[in-house]
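What follows is a single structure, written as structure tokens, with notes after it.
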Amino acid sequence: VLVPGPRARTTGFIRAGIANARVSAVVFACDAGVLIDRPFGEAGPSAITLGVAHARYGGPQRRAQQASGIDASSAETAFEAGMRWQLSRSWAVQPLVQHVLDAGGRRGANDTLVGVRIEVAFGSGQP
């Protein structure tokens, strides 16, 4: 817990990984984020999430893109924001928006994506 509060708490994470360029297009990736639990108490969303991710492409991937005529970038970076509502004990919905710079390692391909995650728990669990 980064910041405890009377109605909400804020938690965060950071992670990173590496891979061999001979077998993976992405050779380095890292991401970080925060989750604010119950930011408005019982009213409003059950959580707000913010995150950033960065992926670096290996030389073989960039060369393959360039060989097919793509103006290759060495990396892509994404920013994401979402809100989660716990609709019932077994249903949750999380709309989110993500903005990606140099998406797929294509220089100048900046895309904004909007999506919805739906979670369903069967049995006695909670999503």
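Observations on the structure shown:
- Probe 1.4 Å, all protein chains present, accessible-area order of Leu50, Leu101, largest first: Leu50, Leu101
- Across all C-alpha atoms in segment 57-100, the radius of gyration and Dmax reach 18.2, 52 Å.
- Spatial separation of Cα centroids for segment 84-127 and segment 39-62, in angstrom: 9
- Computed over the alpha carbons of segment 27-99, Rg followed by Dmax gives 17.9, 54 Å.
- Extended-chain gain in nm, criterion 0.36 nm per residue less alpha-carbon gap, Ser88 and Leu101: 1.1 nm
- Point-to-point label distance, Ala67-Thr11, nm (Cα→Cβ direction, 7 Å offset): 4.5
- Low-density loop positions, chymotrypsin sites (Phe, Trp or Tyr not before Pro), segment 84-127 - DSSP coil, at most 16 other Cβ in 10 Å: Phe122
- Counting charges near Glu119 (Lys, Arg +1; Asp, Glu -1) among other residues having Cβ under 12 Å from its Cβ returns a value of +3.
- Surface/4 of the Cα convex hull for the chain, nm²: 9.9
The values are calculated or read from the model by the stated rules, or taken from the named source; none is laboratory data. Because the structure is a prediction, the values reported are computed rather than measured. FYI the Cβ positions are ideal-geometry reconstructions off the backbone, even for glycines, and counts take in every protein chain you see. For accessibility, only protein heavy atoms count, side chains too; no ligands or nucleic acids. Shrake-Rupley method; radii C 1.70, N 1.55, O 1.52, S 1.80 Å.
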